[in-house]
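Report on the following structure.
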Amino acid sequence: MRRSMRPGPASRPFTTRLRGPGNLPAEFTRFVGRDGELATLAVHLESARLVTLTGVGGVGKTRLATQAAALVQDRFCDGVWLVELATLRHGHLLDHTVAEALGLADHTSRPPRAALRDHLAGRELLLVLDGYEQLAGDCAALAADLLRRAPGLRILAAGRRPLGLPGEQHLPLPPMNGPDAAVLFHDRAAAVVPGFRAGDHAEAVSELCRRLDGIPLALELAAGRLRALSVEQMLHRIDDRFRLLTGGACTPPPDCSAAPGPGGPLPRHQTLRTAIGWSHELCAPAERLLWARLSVFAGQFDLDAAEYICSGPDLPADELVDVLGELVAQSVAVREETPAGLRYRMLDTVREYGGGWLEALGDIERLRRRHRDWYLGLATWCELDWFSPRQAEVAARIECELPNLRIALEYSLDSPGDAHLGQYLAGTLWFYWVGCGRLSEGRHWLDRSLELDGEHDDARLKALWVAGYVAALQGDAVGAMSALRECGEEAERAGNATAAAYAVHRTGCLALVSDDMPRAELLLRDALDRYREIGELNSNVLMGQVELAMAVAFQGDVAQAVRLSEDVRQICDDHGERWALAYALFVLAYAAWSRGEAAQARALLEECLAIDHAFHDLLGAVLAVELLALVTLGEGDAAEAALLQGAAGRIWPSVGLPLFGSRYYNQPHLLCEEQARELLGAERYEHCVAAGARLDLDAAVTRILGGGERSRPDGSVPGPRGAAAEPRPGNSEPAASPTASGGETTG
């Protein structure tokens, strides 16, 4: 961080993400006031590696933190990354959530903390931890560990109390001062009532801001009421409520602190609770009921989920959309457009308040069960729809629903007698764990579910074969074999032909990556016969056929491998399947390369890589990059081939043992390395590999697919942020065809 980070004017529209890496969200309302706090926070970020921003709920910690992070974003070479923690209930998912926010897909069985350490070790990056207070101890331990291991890391944490670590720079955030509060109220009021002018109500607005203690959330809730009330009417109602509380003559709403004694001032946390309570009182009965019931959601939710979970005789489903619209109009709920469509959410403090009322109504257990049941049904539907043209839609939907799915999993695993539902849910989400780069979290839920004694064999058997599948992809052969053996034996005993077929299939995968090709072929053919017998056809079955294609190719029958893969390609085209298609394309690309058809091989591999990258499938992506290096060598560009090998080498630690430690999978890599090293010389080869290793997956994919610069006018090869590799030779001898086939995936 070499330059000073001085903020400009604090009242500004901030509607687009700034340049550079990171995941800061776009904001669609103006950032108002806080000039002094923003400047102070920027100074702290220059001088300290850990800065905590603390204050009561609703005081604007999140907004100030993200605004400061956006302001300093270009000072961090590896970007600014926001980690939203408010929806987490348990610390065991903290590391997974941070890795998710960083876009870190790790397929190995190593703990996610170890993957985080490795990822951050050489980076210059700002991590924003928001809403950590319910996990303060876990967050403090995480921050201390990462800061110790990653010298280029800085952390900005926003919560209700400090983390209490050595070297921590603490900035308490007070409510807004009078003028800033008035500007904020006017800004939000003008969005609700076009033409609203604070000058027409200056005295009342000033008094309203004072009575609400300058707390931004309270002011925004009040502004949302201008559709029905004037500023003067709101002030009168708030005065009545505050007078009642300070007189000690009322019972506070659920989840609120006790009221102060007669004549005493309201603490700021109770000022906010009182303001929320006042807004709650002004809601119609149906709106209050829906507010309470919506508190069971974590993060975002859609209308269908709200209608199923929150409706009832007292709140008909066909009326719920209108009631929800009123809550949006009053700023109780927020409407958002997402990749998964229109969704809603409640601010944390507002949701907590609704949760207090839900508990007081004695309805929380029933609502949690309905919530869990809805997400069981959603996962079931998405598993079926994964094998369809809606694969990308399914991936986006599950990504958005992950906080709610986590709550459903927790509820099932913590509820006596419901372990089988947790096993079923963890197993049903196999397509997300495997197909969307979530192996580590998937393994966490599967292992937790299998520690419990479920009463339903079918649910446990599904969790077992999925656990074996995930363990195999993580390179944990012992864990995979243990789960698959138990699954196979219990499936035969119970007569569960589907689970038995999956156990045989995934045991064949283990044989494939263990270089036992005859056994792999035998088991995979057996599994495919079993699938046909029971009428099973889905992405798993197609992957089994691709894996069989690899087993026969490794034994010298490339023609049969092509026939098997073309059949998969046709079925994928018929059903709109893309994920399994990528692996079939890989096999076909290898066959094309072995025939000397470099252009065809490249086209197939580029399509394969684009699909794998879209689904965050690291295994498929790195295998495609490895083979593209060999194709590139054959096209006469040894330096670029070496660079791609370096890029693949950077990816493999997040996948597992490079090329599975298999001599079959490793053969194309070794061939490429041997010939590129001979053409370039050892020193130039290593230089190009090192340049490739500086490319992350996104940069490598952009480079390969033609979206990025591949060379400068002087012929040098740029690495990330201007690092250059060795000049590329114009003409290199083409690579010789191998004497044996090589290189595909286990899926």
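The values are calculated or read from the model by the stated rules, or taken from the named source; none is laboratory data. Please read all numbers here as calculations on a predicted model, not as lab measurements. In this analysis, Cβ positions are derived from the backbone assuming ideal geometry, glycine residues included, and neighbour counts consider all displayed protein chains. With ligands, DNA and RNA removed, areas are computed over all heavy atoms of the protein, side chains included. Shrake-Rupley method; radii C 1.70, N 1.55, O 1.52, S 1.80 Å.
Observations
- The modelled label-to-label distance between His90 and Asn177, using points 7 Å beyond Cα along the C-beta direction, is 4.7 nm.
- Helix 348-360 vs. the chain, principal-axis angle (Cα, 0 to 90°, nearest 10): 70 degrees
- Stretch gain in nm, segment Asp447-Asp318, where the contour uses 0.36 nm per residue and the Cα spacing is subtracted: 42.4 nm
- Per-residue ³J(HN,Hα) for the stretch 155-160, Karplus 6.51 cos²θ - 1.76 cosθ + 1.60, θ = phi - 60°, Hz, x for Gly and Pro: 10, 10, 10, 10, x, 8
- Extreme residue, positive dipole direction of the chain, given options Pro403, Trp652, Pro316 (C-beta unit charges): Pro403
- Equivalent ellipsoid dimensions for the stretch 553-652 as semi-axes, Å, which come from the Cα gyration tensor, largest first: 22, 17, 11
- Ranking Leu628, Val128, Leu695 by how far each Cα lies toward the positive end of the dipole of the chain (charges on Cβ) leaves Val128 at the top.
- Dipole moment magnitude, nearest 20 debye, the chain about Cα centre, only Lys, Arg, Asp, Glu C-beta charged: 2560 debye
- Straightening the chain between Ala682 and Gln570 buys 35.9 nm, computed as 0.36 nm per residue apart minus the Cα-Cα spacing.
- Ligands, DNA and RNA left out, the 1.4 Å accessible surface of the stretch 17-159 is 53% carbon and sulfur atoms.
- Ala141 versus Arg210: modelled label distance in nm, points set 7 Å from Cα along the beta carbon direction: 4.9 nm
- The mean accessible area for residues of the chain, using a 1.4 Å probe and ignoring ligands and nucleic acids, is 39 Å² per residue.
- FRET E, pair Arg366, Asp557, Förster distance 41 Å, beta-carbon r, rounded to 0.05: 0.10
- Computed 3J(HN,Hα) for the stretch 540-552, one whole-Hz value per residue from the Karplus formula 6.51 cos²θ - 1.76 cosθ + 1.60 where θ = phi - 60°, is 4, 4, 5, 5, x, 6, 5, 5, 5, 4, 5, 4, 6, glycine and proline marked x.
- Per-residue HN-Hα couplings for the stretch 428-445 [Karplus 6.51, -1.76, 1.60; θ = phi - 60°; Hz; x = Gly/Pro]: 5, 7, 3, 5, 7, 4, 8, x, 10, x, 10, 4, 5, 5, x, 4, 4, 5
- Between Ala392 and Glu133, residue separation times 0.36 nm minus the direct Cα-Cα distance comes to 89.8 nm.
- Per DSSP, loop trypsin sites (Lys or Arg not before Pro) in the stretch 51-121 with at most 16 further Cβ within 10 Å: Arg89
- Here r is the Cβ-Cβ distance between Asp414 and Arg161 and R0 is 35 Å; the resulting FRET efficiency, rounded to 0.05, is 0.85.
- For Gln169, nonlocal amide neighbours, meaning residues 5 or more places apart or on other chains whose placed amide H falls under 5 Å from its own, are Leu50, Val51, Thr52.
- On Cα atoms only, tilt of 317-329 relative to the major axis of the chain in degrees: 70 degrees
- Peptides 333-339, 510-516 ranked from most to least packed by the mean count of surrounding Cβ atoms within 10 Å: 510-516, 333-339.
- Rg/Rh (Cα only; Kirkwood hydrodynamic radius) as it applies to the chain: 1.02
- A helix-only calculation puts the chain at -19000 deg cm²/dmol for mean residue ellipticity at 222 nm, using -39500 (n - 2.57) for each DSSP H run of at least four residues, averaged over all residues.
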